[in-house]
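Have a look at the structure below, then the notes.
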Amino acid sequence: MNNQEKLVLAFVEALGVDSSVVINDLKYQGIVEWDSISHMVLISQLEEAFDVSIDTDDVIDLSSVAKAKEILGKHNIVF
Amino acid sequence: MLKGKITLITGASKGIGLAIAELFAKQGSDLLLFSRNIVDLKKIKEKLELSYPIKVAIFQVDIRNVSSIKQAFETIYADKLFFDILVNNAGVMIDSTLQMMKEEALLSTYETNVYGTIHCSQLSLKSFLRKKGGSIINLSSIIGAKGSSGQSIYGSSKAAIIGFTKSLSKELAPLNIRVNALTPGFINTDMTKGRDEKFYEKNLSSIGMRRLGKPEDVAKATLFLASDMSDYITGQIIGIDGGMIL
């Protein structure tokens, strides 16, 4: 599984949405499924999938799929 | 009751925190212990690991300092020490009437009792989410629940913990993370020692069971809230005070 597929799977599992929904423009609270509770689960899924620890400030900053890629980029995850 | 669990305890080098560490070790929990006093923590680690088949990791943390807390959590997560239970025990009690209250005492009280608890809880979420559940036990005080003359700063800091517990329990319940608080009464620790005889007499007469509480009394209630015995209990504030009336 490549990094893009891992990222999509993390979103699908955390938010309970179809993979087609997970596009760069998808934003936090942009759909009902991405609320504050599922956001916490999402962070956990991303950390587990990529074996990283996301900083508290980045947890708050992770406001879209594009931003998630940018933050994971800090941990040398390339998309 | 806690075999296979990992517990993080703040303020673990003495008093109630130490009693909790000892009881949890006896019940099979591995421990992550925070305190400013690393010398005492080293002795505690040695003693507990000799006495029980558990692992103990110790961290010199100044709970008033968010950088110090973050540094410890970074080490914990780097070592993948995901834990199941957080006991926010570290606390300070500085008695003062409002008029005589010094700014330094106000800051120290709030940074330790309130901010420290909030920071540790926030940073623990990563662990609980990974474990798909957890239990946070916050140490408040009967003073926070009932109030006491000359303790408006300490009392308000402990009342903040009650409010924090109630709201956070609602926020985290869908994630199977339980949050409860204890409100100990007059517990015989270093924090309550060094008072004159009249002070003890007055307090004893207000305790229905006519004895001071022991740190172990609080530890037993903490164990209940940490264990699966309380797995449907969240958002509760439980008094450990022998029927004390304020």
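We did not get these values from a lab; they are worked out from the coordinates using the rules stated. Keep in mind that this is a model prediction, so the values were computed, not measured. Cβ: placed from backbone, ideal geometry, glycine included. Neighbour counts: every protein chain shown.
The residue that is surrounded by the fewest Cβ atoms within 10 Å (Cβ to Cβ), counting only those in the stretch B:210-246 that are over 15 Å from residue B:19 (Cβ atoms) and of a type in the set (Lys, Arg), is B:210.
Residues that are outside any loop (DSSP other than H, G, I, E, B), in contact with an Asp or Glu (Cβ under 7 Å, 6 or more places away or on another chain) and in contact (Cβ under 8 Å) with a residue 60 or more places away in the chain occur in the stretch B:178-186; there is at least one.
In the stretch B:190-209, the residue that is farthest from the other protein chains (Cβ to nearest Cβ) out of those that are under 22 Å from residue B:18 (Cβ atoms) and among the basic types (Lys, Arg) is B:195. Only residues that are within 14 Å of another protein chain (Cβ to nearest Cβ) and basic (Lys, Arg) were counted across the stretch B:45-71, and they come to 1. I'd like to check something: does the stretch B:8-24 contain any residue that is touching a residue at least 40 places away in the same chain (Cβ under 8 Å), of a type outside the set (Phe, Trp, Tyr) and within 14 Å of chain A (Cβ to nearest Cβ)? Within the stretch B:8-24, none of the residues are touching a residue at least 40 places away in the same chain (Cβ under 8 Å), of a type outside the set (Phe, Trp, Tyr) and within 14 Å of chain A (Cβ to nearest Cβ). Looking at the stretch B:72-79, can you tell me whether even one residue there is within 14 Å of another protein chain (Cβ to nearest Cβ), touching a Lys or Arg at 6+ places or on another chain (Cβ under 7 Å) and surrounded by 15 or more Cβ atoms within 10 Å (Cβ to Cβ)? Checked against the condition, which is being within 14 Å of another protein chain (Cβ to nearest Cβ), touching a Lys or Arg at 6+ places or on another chain (Cβ under 7 Å) and surrounded by 15 or more Cβ atoms within 10 Å (Cβ to Cβ), the stretch B:72-79 yields at least one hit.
Only residues that are over 23 Å from residue B:227 (Cβ atoms) and within 14 Å of chain A (Cβ to nearest Cβ) were counted across the stretch B:152-189, and they come to 1. Within the stretch B:153-171, the residues that satisfy the criterion of being touching a residue at least 40 places away in the same chain (Cβ under 8 Å) and crowded, with 16+ Cβ neighbours inside 10 Å are B:153, B:154, B:157, B:158, B:160, B:161, B:162, B:164, B:165, B:166, B:168, B:169.
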